[in-house]
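Chemist: Here it is: the structure, laid out below.
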Amino acid sequence: MSWKRLFSRALDAAPGRIHMAAHSHHLWPDASFQGQVEAWEDAAALADHKWGKVMGSVWTEAQGHVARTLGLPDPQSIVFAGNTHDFIIRLVLALERKPVRILATDGEFHSFRRQIARWIEDGTVTLDTVAVEPFEDFPARMIEQAKAGAYDLIFLSQVFFGSGHVLTNLEPFAALARPEGPWVVVDGYHGFMAVETDLAPAADRIFYLAGGYKYAMAGEGCAFLHCPPGFGERPPLTGWYAEFADLAAAPGGGIGYAKDAMRFMGATFDPSALYRVNAVQRMLRDEGITIAKANAYVRALQHRLVDGLPGTKLSAAALINPLNDRPHARFLAFRTPGAARLSAALEARNIVTDVRGDVLRIGFALYQDQGDVDALIAALSHTSC
């Protein structure tokens, strides 16, 4: 079986390229092109009135897709923005105590790391970190540290982008959360649409953020945040689009806020990403492609690669997220001193991977097949790096 027909535009745009970095920039399926066209046509036909449709049927359809994927009981707990960095800013500024005391891990994404480092410089936040590795006892160590410190914000990933380690049980972390603090924020970017996730048991206690750039296959511009009720009821960083919802006035008057996730809404944005999200989700529905089905397809490709590694340039590398019967990232992470050289050598053969320090990451997706994996194995066998 091959799903390449769903990605014909992206594959035909670069003939001969073997893209093994779906975890970095997932190729867009043809359906996303149709979504982009629909956004343009609505802008042309509706002009000023397009926002009624965007904030109506387009917005609510996208909320519904996210809520169903994550098992959330209320789609209105979802709000969208251009990127997850935007939400990090809104969340931290919504915490009343300053400096904001944050507990995170040493494996969080670059925008979070950089922003927190800058805030540490100017005294906005303080930060404690817990090492992700060794991962076997990471959850216990993280929870122990969370209980030991009086933190305002606890931030961690569902799937760690550098190592591919998967946090399978979020409930112990959700149990730490309180509206008055700490807030628990889970970065789900490498988990959303890649790991089957049921947030229903924790939906009333944790924030969850992700977006369309990775396995939702919809490209940039459509991050989302799930907001538990009662947490951050009056964010100080607030845009006029928050006024699209029914507002509850602050005590004594003043700026009102919606009770649902619209309280974290910003200002004017490019809605085309929402159209792409909806178009891709309809494609998946029509093709009968569930997360479980996609994972089974990807897992077979991952096993084919691992089985073919003996005798190649990766035979001595450490696979730090080995394949097992537990939920797994859509990429394999190999630790080797020659990671950067090997990635460059593969790039010279038009095979795209990526590197994080001494870790070579090889990502898998529906737009690959067994022939692509075999070509990668052959390249790993014959490259001179």
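The numbers here are math on the coordinates, done by the rules we state, and not lab data. Treat the numbers as computed from the prediction; the structure is a model and nothing was measured. Positions of Cβ are generated from backbone atoms using ideal geometry, with glycine treated the same way; all protein chains shown enter the neighbour counts.
Chemist: Give me the orientation-averaged projected area of the Cα convex hull of the chain, in nm², one decimal.
Modeler: The orientation-averaged projected area of the Cα hull of the chain comes to 19.8 nm².
Chemist: Leaving out same-chain residues fewer than 8 places away, which aspartates and glutamates sit with a Cα under 13 Å from that of residue 293?
Modeler: Reachable aspartates and glutamates: 196.
Chemist: Give the residue from 305, 377, 316 lying farthest towards the positive end of the charge dipole for region 282-385; charges sit on Cβ (+1 for Lys and Arg, -1 for Asp and Glu) and the dipole is referred to the Cα centre.
Modeler: Towards the positive end, the residue furthest out is 316.
Chemist: Defining a contact as two alpha carbons under 8 Å apart and six or more residues distant in sequence, what relative contact order in percent does the chain show?
Modeler: Relative contact order here is 23 percent.
Chemist: Can you work out D for region 49-177 in µm² s⁻¹ from Stokes-Einstein, where Rh is the Kirkwood radius over C-alpha pairs, the temperature is 20 °C and the viscosity is 1.002 mPa s?
Modeler: After rounding, the answer is 129 µm²/s.
Chemist: For each of 147, 259, count neighbouring Cβ atoms within 10 Å of the residue's Cβ, then give the residues from fewest to most.
Modeler: Ordered by Cβ neighbours within 10 Å, fewest first: 147, 259.
Chemist: Binning every alpha carbon pair distance of region 77-120 at 5 Å from zero, what are the percents per bin?
Modeler: In order of increasing distance, the bins hold 5, 18, 30, 27, 15, 5, 0 percent.
Chemist: By how many nm would the segment from residue 41 to residue 128 grow when fully extended, if each residue of separation counts as 0.36 nm and the alpha-carbon distance is taken off?
Modeler: 26.5 nm
Chemist: Give me the distance in nm between label points sitting 7 Å out from Cα along the Cα-to-Cβ direction at residue 323 and residue 240, one decimal.
Modeler: Result: 5.4 nm between the two label points.
Chemist: I've got another one for you. Would you mind checking region 17-45 for residues with the amide N under 13 Å from a putative spin-label position 7 Å along Cα→C-beta of residue 287?
Modeler: Only 27-33 fall inside the zone, counting backbone N under 13 Å.
Chemist: Another question, if that's okay. Please work out the Cα center distance from region 294-314 to region 1-52, rounded to the nearest Å.
Modeler: Spelled out, the Cα-based centre of one part sits 27 Å from the other.
Chemist: Now a separate question. Which of 263, 349 has the fewest other C-beta atoms within 10 Å, and how do the rest follow up to the most?
Modeler: Taking fewest neighbouring Cβ atoms as first place, the list is 349, 263.
Chemist: Would you list the P(r) distribution for region 1-117, with all Cα-Cα distances sorted into 10 Å bins from 0 and each bin expressed as a whole %?
Modeler: Reading upward from the zero bin: 10, 24, 32, 26, 8, 1.
Chemist: Oh, and also: If each residue of separation counts as 0.36 nm, what is the full-extension length gain between residue 114 and residue 141 once their alpha-carbon separation is subtracted?
Modeler: 7.3 nm
Chemist: Then there's this: What lysines sit close enough to residue 98 to cross-link, taking a C-alpha to C-alpha distance under 30 Å and skipping anything fewer than 8 places away on the same chain?
Modeler: Once the sequence-local lysines are set aside, what remains near residue 98 is 147, 259.
Chemist: Here's something else I'd like to know. Could you please state, rounded to a whole Å, how far the C-alpha centre of region 317-335 is from the C-alpha centre of region 164-208?
Modeler: Here the two parts' Cα centres lie 21 Å apart.
Chemist: For region 84-147, what is the largest minus smallest coordinate of the Cα atoms on each principal axis, given in angstrom and ordered from greatest to least?
Modeler: Extents along the principal axes, in whole Å: 33, 24, 20.
Chemist: Next question, about the same structure. Take region 297-385, compute every pairwise Cα distance, and split them into 10 Å bins from 0; I just need the percent in each bin.
Modeler: P(r) over region 297-385, rounded to whole percents: 17, 57, 25, 1.
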